[in-house]
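The values are calculated or read from the model by the stated rules, or taken from the named source; none is laboratory data. Since this is a predicted model, take the numbers as computed values, not measurements. All Cβ positions, even for glycine, are placed from backbone atoms using ideal geometry, and neighbour counts span all protein chains on display.
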Amino acid sequence: MTLPPQSPYVIIGAGIHGLSTAYHLALQLKNTGRGTGEDIVVLEKSGICAGATGIACGVIRNNYFQPAMRELMAHSVNIWESDPETYSYHPVGYMQISCESDA
Ligand SMILES: Cc1cc2nc3c(=O)[nH]c(=O)nc-3n(C[C@H](O)[C@H](O)[C@H](O)COP(=O)(O)OP(=O)(O)OC[C@H]3O[C@@H](n4cnc5c(N)ncnc54)[C@H](O)[C@@H]3O)c2cc1C
């Protein structure tokens, strides 16, 4: 693949955050008539999902400690639940062993 000499949108890293950012930026550009998203460049030093994204266990939970994380995860859970078939989402539940202070 040849890289363009310049781009107005350069995203570093093709993990879930970089790819999601590219996807939503493309949607935004399209919806506001400001482009197609074809000029978004995602630079990856290794391979697509070569980092943490490629080895994540696939657990979806929203019981995080920090309020901002809880809000983000609750938002994500809503998306998963909105179309379980497409996302291959299986809400089977899970058990977690924690120390008393985390309860
Ligand atoms: C073992 C493990 C299990 C996990 N399990 C879960 C789970 O069950 N549920 C859950 O929600 N989360 C889980 N996580 C957390 C989740 O995987 C991460 O929060 C998420 O994948 C992070 O995504 P990211 O895009 O920020 O980072 P990454 O996926 O690490 O992507 C960063 C990318 O940037 C690239 N990069 C880095 N530096 C450069 C550079 N200078 N130039 C170009 N490219 C660069 C890397 O090669 C990589 O591909 C788990 C994490 C681990 C490690």
Would you confirm whether any residue within segment 49-68 is more than 16 Å from the ligand (Cβ to nearest atom) and more than 25 Å from GLY93 (Cβ to Cβ)? no
Can you tell me which residue in segment 52-96 is modelled with the lowest pLDDT, limited to those that are of a type in the set (Gly, Ala, Ser) and farther than 21 Å from ALA14 by Cα? GLY93
Just wondering, is there one or more residues in segment 19-35 that are among the small types (Gly, Ala, Ser), within 9 Å of the ligand (Cβ to nearest atom) and touching a residue at least 12 places away in the same chain (Cβ under 8 Å)? no
Within segment 83-103, is even one residue under 14 Å from the mean Cα position of the chain (by Cα) and among the aliphatic types (A, V, I, L, M)? no
